[in-house]
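Following: one structure in structure tokens, then a few remarks.
What follows draws every value from the coordinates through simple rules; no lab data is involved. Since the structure is predicted, the reported quantities are computational estimates derived from the model, not experimental observations. Backbone-built Cβ (ideal geometry, glycine too); neighbour counts: all protein chains shown.
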Amino acid sequence: MIARPDVGSYVEVIVIDPFASRMIPPQSDTRRYQGRVVKSDRWLTDQEFAMTGDHAYPIRVINLRHVRDIVYETGQGTTIDDTGRIWEITGSRGDRYLVTRDARGYSCDCKGFQFRKSCRHITEVHGS
């Protein structure tokens, strides 16, 4: 389990990019970001944190389920409650999606869930 970095920590985050193989030409499946962890807006979940970025993205929001590793230059992390579960579901067109269950319920990283807050991938996992 990856610990969420504490505010003020300076970190390098290695993030898995699930869409890299779809790019032309195919890209590396990981991205590296460096910056200082900043106080998050209230709308971020306990699985996300914000950090300084670059001129194109002054603030980056990082989701812990996509993090492969965090290297701390300063500061430390706080382990969060890991009562949730993650499933990888193959969609009807062969795309892979992550369905997550945590204290707030189920979520999916597909476009359908982003718009409707429900999708068939959750139905496949949850059964309702």
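Numbers below:
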read-out: Largest-first principal axis extents, alpha carbons of the stretch 85-126, Å; value: 30, 21, 14
read-out: Average Cα contact separation per residue, the chain, under 8 Å, 6 or more apart, as relative contact order %; value: 23
read-out: Quotient of C-alpha Rg and 2.2 N^0.38 Å, computed over the stretch 4-78; value: 1.12
read-out: Under 5 Å, built H, 5+ apart or other chain: amide partners of residue 118; value: none
read-out: Cα gyration tensor of the chain - equivalent ellipsoid semi-axes, whole Å, descending; value: 27, 19, 13
read-out: Exposed trypsin sites (Lys or Arg not before Pro) absent: longest stretch of the chain, with sites in DSSP loops and at most 12 other Cβ within 10 Å deemed exposed; value: 43-92
read-out: Ellipticity estimate at 222 nm from DSSP helix runs (n ≥ 4, -39,500 (n - 2.57)) divided over the chain, nearest 500; value: -2500 deg cm²/dmol
